[in-house]
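First the structure, in the form of structure tokens, and then the observations on it.
The values are calculated or read from the model by the stated rules, or taken from the named source; none is laboratory data. Computed from a prediction, not measured in an experiment: that's the story for all the values here. When we count neighbours, we look across all protein chains shown, and the Cβ atoms used for this are built from the backbone with ideal geometry, even at glycine. Keep in mind that these areas ignore ligands, DNA and RNA; they rest on the heavy atoms of the full protein, side chains included. Shrake-Rupley method; radii C 1.70, N 1.55, O 1.52, S 1.80 Å.
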Amino acid sequence: MNPTPVSLTDEIPSALARQLQQAQHIAVLTGAGMSAESGVPTFREAQTGLWARYDPMELATSAAFERDPRRVWDWYQWRRELIDHSRPNAGHHALAALQHSCAHVTLVTQNVDGFHQLAGSEPVLELHGNIRRSVCSRSRREIEPDWLDRHRDRSPVPSPHHPDGLARPDVVWFGEPLRADLLDAAFQAAADCDLMLVVGTSGLVQPAASIPVVAVEQGGIMVEINPTASELTRHARWHLQGSSAAWLPRLVDSL
Ligand code: BV8
């Protein structure tokens, strides 16, 4: 399929507006591009500062954590700091408004920053976890923030739940399985929806990137929001070229 490109200076095509208005079940998959305008670098943009020389794909693995827990823990502390000083943007707020105004919206995210919830979205299927939570590296039991506070001058931080455990972020690292219940719910939404919004993702990371393909294979219409083409663009009926913070408020206002 060759998607119809729509630029921010174009009117929203009437056929697209109609498909949005008539959709009974809208599924949404968001990626790191969703938070770009909140000042959080996407996964594939060069990292800034002291982390510029590290590849996130290398650091976001259990092997990296076993090899050098201090470096991986410090990287996540740096990202948490960045996220704590950032806020959800107009795109996050538009999706929250969509979820509250439309009967059936399933929001699935690959992001770990919690911005969808901060903007008021609920429920959010966080396929890759949430960087704001920490768990024991051995038992995977959640570690309370006050324990981390009491040990904030240590890196790595010992776990209170296991003598050999360390605190690790509650995220899914490369090579780790996603929570089956969340993944099943995401694929079920793709199988049921009549329209799937795919926002700010390169479509490179699996199995998340297969979710929109299921939607299209069952007859759903895929609408992509991304300034550039991605691995998923070829499945899209419409490619809204531009940022999510600009496009999402426009789309939601048109409903
Ligand atoms: C697993 C948490 C199995 C950590 C992340 C096939 C099937 C299954 C697995 C695989 C497979 N093929 C390969 C694999 C392995 C691997 C994988 O996908 N590798 C890829 C890279 C080749 N997958 C896994 O390892 C997964 N695990 O399947 O396990 C298993 C089963 C049983 C037992 C054991 C194992 C786990 C994947 C999850 C990894 N964790 N995050 C952390 O964050 O630290 S993924 C990470 O990348 C982030 O969550 C991020 O969201 C995600 C995806 O990237 P994107 O969101 O797309 O971001 P990206 O930077 O790539 O792109 C940004 C886009 O935004 C761009 O297109 C850009 O144009 C656009 N953009 C920029 N600005 C804007 C914008 N868009 C809109 N507005 C803007 N302003």
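Residues in the stretch 140-181 that are touching a residue at least 60 places away in the same chain (Cβ under 8 Å) and among the aromatic types (Phe, Trp, Tyr) were compared, and the one that is most open to solvent (accessible area, probe 1.4 Å) is 174.
Any residue that is within 13 Å of the ligand (Cβ to nearest atom) and either in contact with a strand residue (DSSP E or B) (Cβ under 6 Å, 6 or more places away or on another chain) or not small (Gly, Ala, Ser) (or both) - is there at least one of those in the stretch 91-99? Yes, the stretch 91-99 contains a residue that is within 13 Å of the ligand (Cβ to nearest atom) and either in contact with a strand residue (DSSP E or B) (Cβ under 6 Å, 6 or more places away or on another chain) or not small (Gly, Ala, Ser) (or both). Highlighted here are the helices (runs of 4 or more DSSP H) found entirely within the stretch 143-219 that include at least 2 residues which are within 15 Å of residue 28 (Cβ to Cβ): 180-192, 211-217. Counted as qualifying within the stretch 1-100 are the helices (runs of 4 or more DSSP H) with 2 or more residues that are surrounded by fewer than 18 Cβ atoms within 10 Å (Cβ to Cβ) and among the basic types (Lys, Arg), namely 69-84. Selection of the stretch 123-139 for residues being touching a residue at least 24 places away in the same chain (Cβ under 8 Å), open to solvent by 20 Å² or more (accessible area, probe 1.4 Å) and in a loop (DSSP other than H, G, I, E, B) yields 128, 137, 138, 139.
For the stretch 182-207, filtered to residues that are in contact (Cβ under 8 Å) with a residue 24 or more places away in the chain and near the ligand (Cβ under 7 Å from one of its atoms), the residue that is most open to solvent (accessible area, probe 1.4 Å) is 204.
For residue 240, the criteria (1) surrounded by fewer than 23 Cβ atoms within 10 Å (Cβ to Cβ); (2) closer than 14 Å to residue 8 by Cα; (3) more than 6 Å from the ligand (Cβ to nearest atom) hold in every case but one, which is (1).
How about the stretch 18-54: which of its residues are within 16 Å of the ligand (Cβ to nearest atom) and modelled with pLDDT under 85? Correct list: 41, 42, 43, 44, 45, 46, 47, 48, 51, 52, 54. Scan the stretch 111-122 for residues that are within 14 Å of the ligand (Cβ to nearest atom), part of a loop (DSSP other than H, G, I, E, B) and buried (at least 22 other Cβ atoms within 10 Å of the Cβ) and the total you get is 3.
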